[in-house]
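The values are calculated or read from the model by the stated rules, or taken from the named source; none is laboratory data. On a predicted model such as this, the values are computed, not experimentally measured, just so you know. Every residue, glycine as well, gets a Cβ built from its backbone with ideal geometry; the counts of neighbours run over all protein chains shown. For accessibility, only protein heavy atoms count, side chains too; no ligands or nucleic acids. Shrake-Rupley method; radii C 1.70, N 1.55, O 1.52, S 1.80 Å.
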Amino acid sequence: MFKRFLQFCFFLLVILFGFPMLGSAEKIVVVDPGHGGAFTGTCGYTREPGKDLCERDVNLSVGLKLKEALKGTGIKVYLTRESDIHFAPFLKNANGSLTGGDYDLRMKKANGFANGNNDNSIFVSVHHNASPTSTYVKGYETYYYDGVKHAKPEYPHDPLQIKYLQDSKRLAEITHPNVVKDLGLIDRRIRSDQSFVVIRNAQMPSILVELGYMTNPQEEARIKTTDYQIKAAQALAKGIVNYFKVFEVYRDSTKLATFKSKQEAINFASKQTGNIKVFDKDQQSYIWENANFQVYHKTNGLLKSFATQEDAIAFAKQNGETRVVLKTNNFTIWSNFLTKLYVLTDISESYYRYYYDVEEAIAVASQSINRKVLKKGTNDVIWTNISGLEVTRKIDSEKVYGIDRWETAINVSKELYPNGFSAEKAQKTVILATGLNPWDALSAASLSPVYDNAPLLLARTIENLLPELKNELVRLGAEKVIIVGGTGIVGKSTEDDINALGISTERLSGINRYETNLQILSKLKNVSGVFLASGESYADALAAAPIAAANNWAIVLTLPNMIFPDAFTFIKNKEVAIIGGTGVVNQQVENKVTTQNGQNLVHRLGGLDRYETTASMLWYFKDLIKSNKVYVTTGTNFPDAMVAAPLSISTKAPLILVNDVVNNVNKNIEAFLMKYAEENIITNVDMIGGRVSESVHGTIVKKLN
């Protein structure tokens, strides 16, 4: 039982360090400097040996300047090419036209930049024009693809481009006037009757711009100049920035309309039926919605939002382990896995109303006199306005923290051993790692269970032992210190100072992090399994170490795309859990391990979001986590969670990770806390570290009442 609980603690820490927080969508511009390499495009009026000016050159120059002009706008810019290259071999058909291979590869690259975020991406192909019949033709043109009115069977388009027809039109209409005005060019209009391959196959809103005629001697002379190219780039950038300054109205995932004004968008949205949202395209966030009834799965998060309670509940009933949350106040109003735990009654207990959320029960009770809120099962009084009746249910809190990570580690040690090591404790040992550079401390926490739940302390410098650390070693009554890392990480003078206290030391180190890892592995006997973690992503291994050691599992460090021969030999015939996604340990490494060990012995522990994965682990081990305590720490500062691990393990209490950046509690963790409150009587919710906000702590306390 305890062994499985330790596994829970390991998984909890793994997700803290192994899986990044999901970011929101972002604004993207794919700039395509047309032609390139052997594909010169049109060349200028002036023809002199070695001085020909062609599109491949000026298109690239303007494209690079456009990227520079968009710096600081919050728009991510990608270029299909940043040098004079082509994408496929220089081949021509019998009639002399280019083959499609170059275009195909160009658009594959361009669309790859937008993949998964197509709605918030745009494609701008930069060109310069030519007239085969007259040197007098000049001016500026913008093209977008209208595959509804002007589709040509011989020039098939990407089906996704039709979705963006109105967006492409709007992009053209916004950028075109800026270029005409700022460059003082003749306006040759916006056109949509051409089927240029790049704009008809872009999987995002797209335009192609022709920035003047290179066959006109006056415009060619201007096109050559840096001033002209900068002005062209800045004019395009101005239009691109303004393209995103709109508000889009959606019904579910279907866009209904686009407005320049927020109020216009909201006014329109408020008159629509169904699940309606207003999206601020510039800020990349939803600013209004009528879908206030949200259906959450306990581990899969938000499933769908609804405008009416009836529709939300009907949908939730079709899915197991769900709850309906009223967005405006975060009250759970229906669930098929939670219990209505809170009872609202009056002084005579003549009527009863039941609630999932204690906050809702209190909110309703406070509107009348002589009311009380009880906890079902215990009949504890959680809240009352009845004269003479006292509240009997209270959760205490303690904050274990310091002014920095080093003091936090010392205070956690004091919490773990308030009276120092007992005389009966078999191993009076402390683990000492650096709090500055994690690389040589990758597996430090894994040693804690090896040495009888040893506290983990952090060295601040490589110089002499600091007084506060010395005092803690003396207070504990430590007899031995395991130093992790070489003398360049935890200095020889620190070790000498420890020895001068009559405390023995043992140093585990190698010439690099992988050698240090092997030194730590040597302390484990009869290893039955292996956690394979990237040595380039230190957090994965730091998280895995304590629970791996407690379960007689090893942690083996690997490069993201290669496993070292000695490590590969070590893991042979053992069960292997690969920590993190393919970004930290890639599929090639997994395939090699699977080939050697067999598919039944290899699996990957990954996830999309550290907090949702935390919730999944909490749910998985829920029946084994039985404690009257809950610990809370930040999910964005690894040292606090690392030093808290021995404390959490010693009390068998769950360690809840919260996002102090967004200052809220993940909905899946919130659901776990509500269920945990049904099955355990929590007396303490303690915070580890100083970064957990009071509001987040308060939310957790309420969910555990």
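Overall dimensions of segment 111-168, expressed as equivalent-ellipsoid semi-axes from the Cα gyration tensor (√(5λ), whole Å, largest first), are 27, 16, 10.
Normalised by residue number, the volume inside the convex hull of the Cα atoms of segment 200-333 is 175 Å³ per residue.
Summing Lys and Arg as +1 and Asp and Glu as -1 over all other residues whose Cβ lies under 13 Å from the Cβ of Pro654 gives a net charge of +3. Remark: the chain projects, on average over all directions, an area of 41.0 nm² (convex hull of Cα atoms).
At 1.306 mPa s and 10 °C, plugging the Kirkwood radius over alpha-carbon pairs of segment 32-82 into Stokes-Einstein gives what diffusion coefficient in µm²/s? D, rounded to a whole number, is 132 µm²/s. Two decimals is fine: what is log10 I(q)/I(0) at q = 0.12, 0.14, 0.21 Å⁻¹ for segment 298-426, from a Debye sum with one equal scatterer on every Cα and no solvent? At q = 0.12, 0.14, 0.21 Å⁻¹ the computed log10 ratios are -0.72, -0.82, -1.11. Distance distribution P(r), segment 197-256, all Cα-Cα pairs, bin width 10 angstrom from 0: 17, 31, 32, 12, 7, 0 percent.
The phi torsions of segment 554-570, fed into the Karplus equation with coefficients 6.51, -1.76 and 1.60 and a -60° offset, translate into couplings of 9, 10, 10, 8, 9, 6, x, 10, 7, 9, 5, x, 5, 5, 4, 5, 4 Hz, rounded to whole numbers, with Gly and Pro shown as x.
Accessible surface ranking for Ile511, Ile85, Ile313, Ile578, 1.4 angstrom probe, highest first: Ile511, Ile85, Ile313, Ile578. With the helix formula -39500 (n - 2.57) applied to DSSP H stretches of n ≥ 4, the chain reaches a computed 222 nm mean residue ellipticity of -10500 deg cm²/dmol. Working note: Debye formula, equal point scatterers on the alpha-carbon atoms of segment 121-217, no solvent; log10 I(q)/I(0) at q = 0.10, 0.15 Å⁻¹ is -0.26, -0.58. Strictly over 25 Å apart at the Cα level, which of Lys65/Lys260; Lys149/Lys231; Lys65/Lys224; Lys376/Lys702; Lys394/Lys626; Lys375/Lys675 would you flag in this model? Violating the 25 Å Cα-Cα cut-off are Lys65/Lys260; Lys149/Lys231.
Computed from the alpha carbon atoms alone, the convex hull of segment 101-144 holds 99 Å³ per residue.
For segment 70-181, the Kirkwood radius over C-alpha pairs fed into Stokes-Einstein at 37 °C and 0.692 mPa s yields D = 194 µm² per second.
With the biggest extent put first, the Cα atoms of segment 360-486 measure 67, 34, 26 Å across the principal axes. Computed from backbone phi, the HN-Hα couplings of segment 174-179 come to 7, 7, 4, x, 4, 5 Hz, rounded to whole numbers (Karplus: 6.51 cos²θ - 1.76 cosθ + 1.60, θ = phi - 60°; Gly and Pro given as x). Taking every protein chain into account, the accessible area of segment 118-204 amounts to 46 square angstrom per residue (probe 1.4 Å). These residues, Phe244, Phe564, go from largest to smallest accessible area, 1.4 Å probe, as Phe564, Phe244. Using all pairs of distinct alpha-carbon atoms, the Kirkwood hydrodynamic radius of segment 267-363 works out to 15.0 angstrom. Normalised by 2.2 N^0.38 Å, with N the number of residues, the alpha-carbon radius of gyration of segment 633-705 equals 1.05.
Sorting the segments 261-272, 336-347 by their mean number of nearby beta carbons within 10 angstrom, highest to lowest, gives 336-347, 261-272.
Collect residues whose amide H, placed 1.01 Å from N in the peptide plane, falls under 5 Å from the amide H of Asp158; neighbours closer than 5 in sequence don't count. Hits under the 5 Å cutoff: Asn201.
Summary value for the chain: 13 percent relative contact order, contacts being C-alpha pairs under 8 angstrom separated by 6+ residues. Legend: residues Lys703, Lys394, Lys76, Lys574, sorted from most to least accessible area (1.4 Å probe; ligands, DNA and RNA excluded), read Lys394, Lys76, Lys574, Lys703.
Modelled this way, with points 7 Å down the Cα-to-C-beta line, the labels at Val364 and Thr595 are 6.3 nm from one another.
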